Amino acid sequence: MGTRMIRAVKWVAIFAATAYVALLALLYIGQEDALFLLAPVPDNHEYSFSLPTKDVTLDGEGYSLHGVLFKSEPYSNERLVLYFKGNGGNVGNSETMARTFTDLGFDLLSMDYRGYGKSKGERSEAAMLDDALRWYDWGTEQAYSEIRVVGWSMGSAFSSHLAANRPVDHLIQFAPFKSVIDMGARTFPVIPEFLFAIVIDYPFRNDLKLASADLQSYTIYHGTDDRVVPFASGKALADYLGDKVSLFPVEGATHDSIPWEAEVLRDIRSNWADE
């Protein structure tokens, strides 16, 4: 190999290494913008719902969290569903999900994460995961006899953490991921998972959380045409957990359609209506 060729190879190697480091730097710097599609509203904003609702606020040092409790009147309101939504919108978009469960006799609490809706506070993985426990503890303080948990997309991270740290017998997850590390590696296959584990501040390890959870019933509903959280990531989570979970794939369903698919709604009603 001539001197000129060696020099060219060196420059190509330097350029490739620089581009690789730059990609890692961009992933690190831009991870919050990619994960959290914030949708704040003013404190005096009034949401409009047709179901009866109640505003719930949890205030503490450095945070103020807001949620909306959808009531299941005329039922006895002894059972509660904690609903952890995805990374877009705010509680104003939760009524359709609420109806699925209020029709079964559950109250449903939908809450906004820090920076969404009226919720405020500095974000970190630890702080946001702790918020999920605060909402559960609020439910127990309200004397609900049973609390079940539903998570959609990014909400699976908070529902998984909750299931690992509080007595949750029944869990539903729509389009969950194995972890943000797994998602990153699928999106950028040139970057190995161990590097994502280094640069990501929000690994959201659903796999490890749920491995330690004691669940009576846990179902994953995932569409095969999901372009946001690939079906492969949800299946990898199910494969990792084995007999702890029932995977319910829906052929042709997308990330946004999965909770409203007729066969999904039928399955939820058949499993939850008589329990």
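So which of PRO203, PRO167 ends up being farther than 16 Å from VAL245 by Cα, assigned by TED's automatic domain parsing to the domain that holds GLY89, under 18 Å from the mean Cα position of the chain (by Cα) and in a loop (DSSP other than H, G, I, E, B)? Before you say what the answer is, go through the steps one by one.
Numbers: PRO167 fails: under 18 Å from the mean Cα position of the chain (by Cα).
Selected residue: PRO203, the only one of PRO203, PRO167 that is farther than 16 Å from VAL245 by Cα, assigned by TED's automatic domain parsing to the domain that holds GLY89, under 18 Å from the mean Cα position of the chain (by Cα) and in a loop (DSSP other than H, G, I, E, B).
What do you reckon, is ASP103 out of contact with any Pro (no Cβ under 9 Å at 6 or more places or on another chain), surrounded by fewer than 21 Cβ atoms within 10 Å (Cβ to Cβ) and closer than 23 Å to PHE204 by Cβ? Even if it seems obvious, please write down each step before you answer.
Numbers: out of contact with any Pro (no Cβ under 9 Å at 6 or more places or on another chain): yes; surrounded by fewer than 21 Cβ atoms within 10 Å (Cβ to Cβ): yes; closer than 23 Å to PHE204 by Cβ: no.
No: the conditions fail for ASP103.
Surrounded by 22 or more Cβ atoms within 10 Å (Cβ to Cβ), polar (S, T, N, Q) and in contact (Cβ under 8 Å) with a residue 60 or more places away in the chain: is that true of SER124 in this structure? Considered against the rule, which asks whether it is surrounded by 22 or more Cβ atoms within 10 Å (Cβ to Cβ), polar (S, T, N, Q) and in contact (Cβ under 8 Å) with a residue 60 or more places away in the chain, SER124 comes out as no.
Residues are listed down the side, and each one gets a yes or a no for (1) under 19 Å from ALA132 (Cα atoms); (2) more than 21 Å from the chain's Cα centre (by Cα); (3) basic (Lys, Arg):
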residue: ALA34; (1), (2), (3): no, no, no
residue: LEU37; (1), (2), (3): yes, no, no
residue: HIS45; (1), (2), (3): no, yes, no
residue: LYS54; (1), (2), (3): yes, yes, yes
residue: GLU61; (1), (2), (3): yes, yes, no
residue: SER64; (1), (2), (3): yes, no, no
residue: GLY67; (1), (2), (3): yes, no, no
residue: SER72; (1), (2), (3): no, yes, no
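Results for (1) farther than 30 Å from PHE106 by Cβ; (2) part of a helix (DSSP H, G or I), shown as yes or no for each residue.
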{"residue": "ILE181", "(1), (2)": "yes, yes"}
{"residue": "ARG186", "(1), (2)": "yes, yes"}
{"residue": "PRO189", "(1), (2)": "yes, no"}
{"residue": "LEU208", "(1), (2)": "no, yes"}
{"residue": "LYS235", "(1), (2)": "no, yes"}
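Considering each of GLY60, GLY105 in turn, give the residue that is of a type outside the set (D, E, K, R) and at positive phi. So that I can check it myself, show each step before the final result.
Values: GLY60 fails: at positive phi.
Residue meeting the stated conditions: GLY105.
Scanning the stretch 135-154 for residues being part of a helix (DSSP H, G or I) and touching a helix residue (DSSP H, G or I) at 6+ places or on another chain (Cβ under 9 Å) gives a total of 2. Go through (1) assigned to a strand (DSSP E or B); (2) surrounded by fewer than 24 Cβ atoms within 10 Å (Cβ to Cβ); (3) among the polar types (S, T, N, Q) one by one and return the number of the condition SER110 breaks. Here SER110 meets the rest and fails (2).
The values are calculated or read from the model by the stated rules, or taken from the named source; none is laboratory data. Every value quoted in this text rests on a predicted model; they were computed, and no experiment measured them. Positions of Cβ are backbone-derived with ideal geometry, glycine not excepted, and every protein chain shown enters the neighbour counts.
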